[in-house]
1. Listed here are the pairs A:59/A:326; A:59/A:249; A:59/B:167; B:121/B:167; B:88/B:167; which of them are more than 24 Å apart at the Cα?
2. Roughly how crowded by other chains is peptide B:111-119, in terms of the mean Cβ count from those chains within 10 Å of each of its Cβ atoms?
3. What does the charge count near residue B:77 come to, summing +1 for each Lys or Arg and -1 for each Asp or Glu among other residues with Cβ under 11 Å from its Cβ?
4. When a footprinting reagent is the concern and you count Cβ atoms within 10 Å, what order do A:141, A:149 take, fewest first?
5. If you project the alpha carbons of the stretch A:48-113 onto their three principal axes, what span does each projection cover, largest first, in Å?
6. Hey, with R₀ at 41 Å, roughly what FRET efficiency would residue A:269 and residue A:28 work out to, going by the Cβ-Cβ distance, to 0.05?
7. Which residue, chosen from A:340, B:83, A:260, occupies the Cα position most advanced towards the positive end of the dipole of the protein assembly as shown, where the dipole is computed from +1 (Lys, Arg) and -1 (Asp, Glu) charges on Cβ about the Cα centre?
8. Can you sort A:110, B:102 so the residue with the fewest Cβ neighbours within 10 Å comes first?
Amino acid sequence: MATVRDGMPHFDLYQPDSVEDALALLDRLGRGAHMDDGTDGPLRAWVLAGGLDCLERFKDRIRRPSAVVDLARVGALRGVRREGDETVIGPMTTLAEVARHPDIRERFGLLAEAAAQVASPQIRNQGTLGGNLSQDARCWYYRGGWPCYRAGGNICYAAAPGAMNREHAVFGARRCVAVSPSDTAPALVALEARLVIRNAARTRMVAAEDYFLGPETDITRLTVLEPDDLLVEIRIPPTWAGTRFHFEKVRDRPVWDFALASIAAAMRQTGDRIDQARLVLGSVAARPWRLPQVEAALAGRPREEAADAADLAVRGAVPLAHNGYKVTLARNLARRAILGQPPGAPSLAMGASGLMGAPDPSPARQTGKEAS
Amino acid sequence: MCDHDAAMSRPAGMTRRQFIRSVIATGVVSFSVPLLPARGGAAARTAPGTVERLVTLTVNGMRRRVDVLPNETLAQTLRGKLGLTGVKVGCDRAECGACTVLVDDVPVYSCSTLTHSVLGKAILTVEGLASPGGELHPLQQGVLDEQGFQCGYCAPGFLMTALGYLKTNPDPTRQQLAHGVSGNLCRCQDYDKILTGLLRGAEYMRRG
């Protein structure tokens with residue numbers, strides 16, 4: 001798709017300063033003009049948070065909303081507060097603010113770490129937690145404007161013969177093989193966060209796990225948000241506060257890149273024994289990929305003894321032509337999370353002998369391999 | 001003949017010149033009337049959150065009135081409307097950092113920020129670093145002394161990012177500063193000398 005450099009096509013810009021005004025605007029404009037056949041028009045209003053997921057698509061003419069509702073002035077959607085023993089985060093809180101907030105760092109370091117590893121410093125300064133959770137798929141066929149399943153067409157270019165699919169899904173793909181690009185999503189699923197969604201008519205609360213949709217539910221979107229919906233709160237219960245956390249993100253470059261795979265884990269331990277655990281993989285499926293079979297196998301066992309449960313993480317994986325490495329990677333990430341091994345240097349250096357290879361080869365075995 | 005026709009159609013007691021003036025004035029007034037409410041409260045009342053086009057930006061300590069389109073990025077406004085061409089547009093996709101400016105002391109990609117979303121905030125570009133007398137900012141001087149950049153296209157972005165980072169950590173290690181400016185790319189691959197220059201600049205800043 002040709003890249004257009006002359007700025008964005010026109011849209012009407014609205015900058016409401018309250019949630020009520022934003023909801024009223026979305027109620028009026030969210031679904032766009034109705035078409036003759038009764039469906040929503042293509043030019044609906046777009047909710048703008050940090051702008052990093054959508055402005056580039058406006059520039060490329062991949063999305064052409066007739067109106068944009070910018071949430072920058074809705075102060076009520078920004079900030080972190082305590083309500084009882086729950087931590088409540090406004091979705092317009094920037095990723096940088098989430099990463100350095102004392103309460104989040106102290107009780108939910110898993111989320112702080114995930115936020116700290118998103119993209120680049122400037123993107124963390126502008127990008128918001130709500131936007132990071134709700135961003136669209138990054139499959140470049142889809143992003144490039146190809147008429148694929150996710151765009152309403154009838155083919156998946158990424159799974160076609162000869163396609164480039166190194167970054168795509170190994171779990172839960174159905175027709176579309178795009179993955180969830182978010183780093184904070186697996187962390188919030190692991191922490192059993194709940195998300196409050198409002199539209200002009202009602203307020204509803206969904207578990208973070210149910211906020212994200214796989215292609216089997218809806219192939220055209222990654223979250224449950226409807227065009228007139230607004231994510232208004234992210235609530236983290238005290239359930240996993242202060243437990244042992246492990247977040248690890250593997251990517252080609254240490255900055256900017258989306259994860260090839262990531263893991264977010266929360267484990268409640270007595271001494272070395274794991275009583276209860278939540279493990280969630282990122283960027284291997286269209287939604288954060290929870291590992292209930294691993295969680296069940298870990299319960300009540302010392303972690304050294306339970307590390308082999310990581311093999312269960314990749315049961316049922318279906319790699320594409322170029323992403324078989326993600327299966328090994330996912331298993332080794334789960335293993336390191338269970339053992340509590342410090343994340344490796346987030347760089348290419350780990351490619352050859354670390355996470356991509358056999359799990360924890362002993363120096364003796366490595367030497368043996370080299371000799372033979 | 002001519003005089004006779006004109007006298008027939010214009011009101012009695014009016015010269016030809018007065019008549020033409022009144023016709024023009026009537027046209028101007030009737031054309032302008034629909035525009036007047038749109039500039040004031042009526043539009044705002046019917047649609048909450050509607051934005052004005054003529055806005056005031058605070059850039060490099062000065063208040064600047066500027067006509068901004070709703071779909072205009074901060075980089076477009078700063079470069080195209082205010083002439084601040086130190087703001088470089090490398091990728092226009094939040095992937096290179098050349099357009100970085102400070103908004104309330106925080107580094108952001110101006111190519112991926114709507115101008116309307118920074119109204120009321122203090123914007124600082126590389127043009128605002130040197131003193132009015134032309135004396136370079138210590139960070140610029142440090143980079144100059146170490147000959148930090150090769151082609152220099154990425155320099156304004158690096159300077160602004162580093163300045164924003166140094167406000168949070170005035171005495172960083174080389175590793176910390178590298179992480180702080182990791183959202184900026186240099187196609188000359190001159191990172192080593194850039195870091196040396198920025199560290200020298202940080203040292204000058206600490207000395208004051």
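1. Working: A:59/A:326 32 Å; A:59/A:249 29 Å; A:59/B:167 33 Å; B:121/B:167 17 Å; B:88/B:167 22 Å.
Violating the 24 Å Cα-Cα cut-off are A:59/A:326; A:59/A:249; A:59/B:167.
2. Numbers: counts 3, 12, 7, 9, 0, 7, 10, 1, 3.
Partner Cβ neighbours, averaged per residue: 6.
3. Numbers: positive: B:64, B:79, B:81; negative: B:67, B:72.
Taking every Cβ under 11 Å from that of residue B:77, the sum is +1.
4. Numbers: A:141 26, A:149 21.
Neighbour counts put them in this order, fewest first: A:149, A:141.
5. 44, 24, 14
6. Details: r = 52 Å, r/R0 = 1.26.
Given R0 = 41 Å and the Cβ-Cβ separation, E is 0.20.
7. My answer, from the dipole projection, is B:83.
8. Numbers: A:110 27, B:102 22.
The order, fewest Cβ neighbours first, is B:102, A:110.
FYI, it's all coordinate maths here, none of it is from the lab. In this text the structure is predicted, and so the values were computed from the model without any measurement. Every residue, glycine as well, gets a Cβ built from its backbone with ideal geometry; the counts of neighbours run over all protein chains shown.
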